[in-house]
Amino acid sequence: MAKAPKPGEYQAKLRIKKGDEVMVIAGKDAGKRGKILHAFPKVNKVVVEGVNMIIRHQKARQSGRTGRSGVQQMQEGGRIEKPAPLFVPKVMLICPNCGKPTRVGYGFREGAEKLSARKYRVCKHPECLKPID
């Protein structure tokens, strides 16, 4: 994974978050859709379900935790496929209203006290322009 930006370096704000459906627009998985499992804003990356799959060769071993029965659980070994992080500019949010990939804008509600309560995301597709959340 890439290093976090140094103090003073530009860091873009993520306009997508965990649980959003996105479409990959660049790279080997271009055109695939999936849900965001994890977001890493400091390194500008996201993990998308079923996209950018890597194979990890892992030995079977005991995990440090004990299960309900008090016995340590075994972690399976072999070839394990899992999604790797993707650079955020390679994905585009899919609007839940129109179902098309779109850029994200922001709107503001009047009368809300906190900034987080009055700011919301908006679909920038010219035929939609509806709030995303």
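Just so you know, all these numbers are worked out from the coordinates, no wet-lab data involved. All values reported here derive from a predicted model rather than from experimental measurement. Cβ: placed from backbone, ideal geometry, glycine included. Neighbour counts: every protein chain shown.
A viscosity of 0.692 mPa s and a temperature of 37 °C, combined with the Kirkwood radius over Cα pairs in Stokes-Einstein, give a translational diffusion coefficient for the range 40-133 of 189 µm²/s.
The local environment of M53, defined by Cβ-Cβ distances under 14 Å, has a net charge of +2 under the rule Lys, Arg +1 and Asp, Glu -1.
Net charge in the neighbourhood of G77 (other residues with Cβ under 15 Å of its Cβ; Lys, Arg +1, Asp, Glu -1) is +3.
In what sequence do I16, I25 fall when counting other Cβ within 10 Å, fewest first? Working shown, then result.
Working: I16 20, I25 14.
Least to most surrounded, the residues fall as I25, I16.
Ignoring lysines fewer than eight residues from K59 along the same chain, the ones with Cα atoms less than 16 angstrom from its Cα are K82. Here the gap between Q75 and Q58, fully extended at 0.36 nm per residue and compared with their Cα-Cα distance, gives a gain of 5.2 nm.
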